[in-house]
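Colleague: Before I ask anything, here is the structure I am working with.
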Amino acid sequence: MLTEAQINTIVTKEISFKSSRSGGKGGQNVNKVETKVELEFNLNTSKALTETQKKVIFKKYNDFIDGTLIRLIGNIHRSQLENKEYATKKLIILLNKLLKPVKKRIATKPSKASKIRKVEAKKHTSELKKLRKKPI
């Protein structure tokens with residue numbers, strides 16, 4: 001998980017934005033105002049993340065990273081500022097999700113009751129199949 005200091009460093013210094021015209025609702029405004037925002041975050045040059053955090057992100061998210069850049073697009077809202085905020089929130093949520101440690105599964109044995117239920121279900125299925133046969 002990211003600390004508050006890491007989040008502030010990422011948000012203020014390490015994100016670059018590009019804007020372009022966005023489709024969708026907005027009326028006449030759509031054709032002349034650039035409200036779509038493309039966020040770029042470079043993992044290699046990031047000083048907010050530690051080397052181990054970077055390795056974890058590359059391992060989990062490697063298929064979606066373009067070289068060393070994470071690109072996210074915000075074009076839900078009508079204003080460029082709201083789309084910037086949306087894209088940065090999306091990035092922070094993504095990074096927190098990727099940095100969350102994975103719990104190891106503890107293998108357990110089936111309970112006595114579940115074993116009995118399994119046997120009973122098999123017996124019931126067997127009875128149903130026997131009833132389908134024609135009598136001799």
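The values are calculated or read from the model by the stated rules, or taken from the named source; none is laboratory data. These numbers were taken from a predicted model, which means no experiment stands behind them. Here the Cβ positions follow ideal geometry from the backbone for every residue, glycine too, while neighbour counts run over all protein chains shown.
Colleague: Of the residues that make up the range 47-69, is at least one among the small types (Gly, Ala, Ser), surrounded by 11 or more Cβ atoms within 10 Å (Cβ to Cβ), modelled with pLDDT of 85 or more and closer than 23 Å to Thr9 by Cα?
Modeller: Within the range 47-69 (the criterion being among the small types (Gly, Ala, Ser), surrounded by 11 or more Cβ atoms within 10 Å (Cβ to Cβ), modelled with pLDDT of 85 or more and closer than 23 Å to Thr9 by Cα), the answer is no, since none of the residues qualifies.
Colleague: Sort out which residues of the range 21-42 are at pLDDT below 85 and either closer than 16 Å to Asn83 by Cα or surrounded by 12 or more Cβ atoms within 10 Å (Cβ to Cβ) (or both), and write them in order of number.
Modeller: If the condition is that a residue be at pLDDT below 85 and either closer than 16 Å to Asn83 by Cα or surrounded by 12 or more Cβ atoms within 10 Å (Cβ to Cβ) (or both), then Arg21, Ser22, Gly23, Gly24, Lys25, Gly26, Asn29, Val30, Val33, Glu34, Thr35 are the ones that fit.
Colleague: While we're looking at this one, here's another question. Looking at (1) modelled with pLDDT of 90 or more; (2) touching a Gly at 6+ places or on another chain (Cβ under 9 Å); (3) in a loop (DSSP other than H, G, I, E, B), find the lone condition where Glu82 falls short.
Modeller: (3)
Colleague: In the range 92-122, how many are surrounded by 10 or more Cβ atoms within 10 Å (Cβ to Cβ) and either of a type in the set (D, E, K, R) or in contact (Cβ under 8 Å) with a residue 60 or more places away in the chain (or both)?
Modeller: Residues that pass the stated criteria total 11.
Colleague: On to the next question. Could you list all residues from the range 76-85 that are farther than 25 Å from Asn44 by Cβ, out of contact with any Asp or Glu (no Cβ under 9 Å at 6 or more places or on another chain) and buried (at least 16 other Cβ atoms within 10 Å of the Cβ)?
Modeller: Arg78, Asn83
Colleague: Residues to consider are Lys47, Lys89; find the one that is part of a helix (DSSP H, G or I) and free of Cβ contacts under 8 Å to residues at least 40 places away in the same chain.
Modeller: Every option except Lys89 fails the conditions.
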